[in-house]
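Okay, here's the structure, questions in a sec.
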Amino acid sequence: MVFAKDKNQTILCIHHYLVKDWNGIGTLLASDYLTKRGVPVKAFLHQKDFLLVPGVVFLQGKELTYFKELSDLPKHPYFFSTGVDSNNIQLLSFISQKLHTQLVNLFSDLTIYHGASSFLSYVFKERFNLIGQEIWVNLFGKHLYLAGFTDQELIVFNRFEVTSKEEVLKYILIGLHTLQHDRNHARVTFIGSSESLEISESWAKEYLGHVRLLDPAANQNYAAGFVKKNLPPIFEAYWQYL
């Protein structure tokens with residue numbers, strides 16, 4: 001997805017591509033006229049490998065230490081981090097140096113964030129509206145992010161690949177068990193592309209006691225002419241880490 005914004009951060013245009021080969025992402029982006037404008041670029045990358053590191057112990061330059069147990073780390077990784085919850089947590093991830101070089105060659109003013117930063121910033125904004133046992137699920141493509149809170153404190157956060165609503169339910173139940181939450185009292189909130197997996201409130205309530213399907217409150221502004229139903233079914237269409 002390429003979101004083009006004016007100087008007031010109003011979205012003017014969205015381009016959507018289906019990418020099959022990430023090695024060609026540089027060529028693809030170079031062919032898009034929106035990326036040739038020489039304006040600042042924010043890149044949100046949904047890298048599967050990430051860590052949440054407490055801000056008080058996070059040290060730049062020590063990223064290899066944090067990821068020392070990861071076996072498939074690129075030979076030459078480029079690390080990046082995003083501060084969430086007022087920088088109390090650093091969302092740390094990486095891409096290959098090759099991909100980073102491609103992006104830097106395309107964009108002179110580039111900032112890279114992990115894709116989960118938008119979702120995490122939103123649930124932390126909602127923290128004081130949470131009940132004692134909460135799970136939030138952000139569905140996108142064939143993946144989900146799951147955030148589990150106990151007494152308004154984030155305890156569990158992870159990303160999973162899913163291809164069916166039964167798999168979504170499986171990870172929610174695992175989350176409830178890990179958090180020692182009561183499935184009849186915990187509140188589970190779905191945001192994102194629930195329709196693509198045929199997830200409905202009535203279906204979810206067959207297994208869970210307290211369920212919501214929500215569109216997130218928006219901090220994205222659109223130019224006149226955009227129709228809500230035509231927005232892409234991704235969280236960032238409504239809310240973006242700022």
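The values are calculated or read from the model by the stated rules, or taken from the named source; none is laboratory data. Being a predicted model, the structure only gives us computed values, none of them experimental. Cβ placement follows ideal geometry from the backbone for every residue including glycine, while neighbour counts extend to all protein chains displayed.
Which pairs do you get when a residue that is free of Cβ contacts under 8 Å to residues at least 12 places away in the same chain, found in segment 202-219, comes within reach of a residue that is not in a helix (DSSP H, G or I), reach meaning Cβ atoms under 8 angstrom, with the pair 6+ apart or on two chains?
LYS205/VAL211
With respect to VAL84, is the statement that it is in the same structural domain as ILE14 (by TED's automatic domain parsing) and either surrounded by fewer than 19 Cβ atoms within 10 Å (Cβ to Cβ) or at pLDDT below 90 (or both) true?
No, not satisfied.
Does ALA204 satisfy the condition of being surrounded by fewer than 17 Cβ atoms within 10 Å (Cβ to Cβ), over 20 Å from the mean Cα position of the chain (by Cα), more than 25 Å from LEU45 (Cβ to Cβ) and not hydroxyl-bearing (Ser, Thr, Tyr)?
no
Determine which member of the set LYS125, LYS165, LYS98 is touching a helix residue (DSSP H, G or I) at 6+ places or on another chain (Cβ under 6 Å) and at pLDDT below 95.
Step by step, each of LYS125, LYS165, LYS98 is checked, and only LYS165 is touching a helix residue (DSSP H, G or I) at 6+ places or on another chain (Cβ under 6 Å) and at pLDDT below 95.
Among what's in segment 196-216 and is touching a helix residue (DSSP H, G or I) at 6+ places or on another chain (Cβ under 8 Å) and in a loop (DSSP other than H, G, I, E, B), pick the residue that is nearest to PHE124 (Cα to Cα).
This residue is PRO216.
Of all residues in segment 1-58, which are without any contact (Cβ under 8 Å) to a residue 40 or more places away in the chain, among the aliphatic types (A, V, I, L, M) and not in a loop (DSSP other than H, G, I, E, B)?
Listed by number, the residues that qualify are VAL2, ALA4, LEU28, LEU34, VAL53.
Failed condition for GLY132, given (1) assigned by TED's automatic domain parsing to the domain that holds VAL188; (2) surrounded by fewer than 22 Cβ atoms within 10 Å (Cβ to Cβ); (3) under 20 Å from HIS46 (Cα atoms); (4) not acidic (Asp, Glu), with all others met?
So GLY132 meets the others, but not (3).
Are any residues in segment 33-56 surrounded by 14 or more Cβ atoms within 10 Å (Cβ to Cβ) and over 30 Å from ILE89 (Cβ atoms), and if so, which ones?
LEU34, THR35
Inside segment 218-236, can you point out the residues that are under 27 Å from LYS170 (Cα atoms) and not β-branched (Val, Ile, Thr)?
PRO232, PRO233, PHE235, GLU236
For segment 1-22, name all the residues that are surrounded by fewer than 11 Cβ atoms within 10 Å (Cβ to Cβ) and within 22 Å of the chain's Cα centre (by Cα).
HIS16, LEU18, VAL19, LYS20, ASP21
Another question about this same structure. Need a quick list: helices (runs of 4 or more DSSP H) entirely within segment 83-195 having at least 1 residues that are under 15 Å from the mean Cα position of the chain (by Cα).
Because the criterion is at least 1 residues that are under 15 Å from the mean Cα position of the chain (by Cα), the helices (runs of 4 or more DSSP H) in segment 83-195 that meet it are 116-125.
While we're looking at this one, here's another question. Return a yes/no flag: does segment 192-208 have any residue that is under 30 Å from ASP6 (Cβ atoms) and either at pLDDT 90 or above or of a type outside the set (A, V, I, L, M, F, W, C) (or both).
yes
I need a count of the residues in segment 57-73 that are in contact with a helix residue (DSSP H, G or I) (Cβ under 9 Å, 6 or more places away or on another chain) and surrounded by fewer than 13 Cβ atoms within 10 Å (Cβ to Cβ).
Of the residues in that region, 1 qualify.
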